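Input: a single structure, listed below in structure tokens.
The values are calculated or read from the model by the stated rules, or taken from the named source; none is laboratory data. Only a predicted model underlies this, so the values are computations on that prediction, with no experimental measurement involved. Glycine also receives a Cβ, built like all others from the backbone with ideal geometry; neighbour counts cover every protein chain displayed.
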Amino acid sequence: MNNLLAQAHQLIPKQTISYSKWTGSETNTNLINVDTYDDAVESQVKINAVKSRLYRTLGLDYKKNYVRLFSIPSVSGLSRINNGDQFIFDGKNYQVEAQTGWFATAGWDSFVCVEVPL
């Protein structure tokens, strides 16, 4: 095992999410752009809360709920592509907002994700 997250997953249980990759936008009959997503697939990841002290540092909205998603490349595919991919975890829908940029050095990455209404 060459990355720390893969080693940690041996000790820390993973969480299962229902992940949908963003495929684009289509204009509906009312001329409104509607996002389209691939069918959901289950992925094993690690999800942590974003600590409130990081909200200001990251420029996040205090009125919204955020999580940090940690994923290794073989299960991720989660990245910010225009409107971002979405996933369901613990009955709540989240949208991937920003990649933190750890992949190049650690072999895994984390993403800031915001809860969005279903």
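When the residues of the range 63-82 are narrowed to those that are outside any strand (DSSP E or B) and modelled with pLDDT of 90 or more, which ends up surrounded by the fewest Cβ atoms within 10 Å (Cβ to Cβ)? Show your work before the answer.
First, pick out the residues of the range 63-82 that are outside any strand (DSSP E or B): 63-65, 72-82.
From what's left, modelled with pLDDT of 90 or more: 63-65.
On the way: Lys63: 5, Lys64: 12, Asn65: 14.
Per the stated criteria, the residue is Lys63.
Candidates Asp39, Asp85, Asp35: the one that is of a type outside the set (Lys, Arg), at negative phi, surrounded by 18 or more Cβ atoms within 10 Å (Cβ to Cβ) and modelled with pLDDT of 80 or more is Asp85.
Scan the range 18-38 for residues that are assigned to a loop (DSSP other than H, G, I, E, B) and more than 16 Å from the chain's Cα centre (by Cα) and jot them down.
Step one: of the range 18-38, the residues assigned to a loop (DSSP other than H, G, I, E, B) are 21, 28-32, 38.
If the condition is that a residue be assigned to a loop (DSSP other than H, G, I, E, B) and more than 16 Å from the chain's Cα centre (by Cα), then Asn28, Thr29, Asn30, Leu31, Ile32 are the ones that fit.
For beta carbons closer than 6 Å, sequence separation of 6+ or different chains, a first residue in the range 25-39 that is free of Cβ contacts under 8 Å to residues at least 60 places away in the same chain and a second that is among the hydrophobic types (A, V, I, L, M, F, W, C), the qualifying pairs are Glu26/Val34; Asn28/Val34; Tyr37/Trp22.
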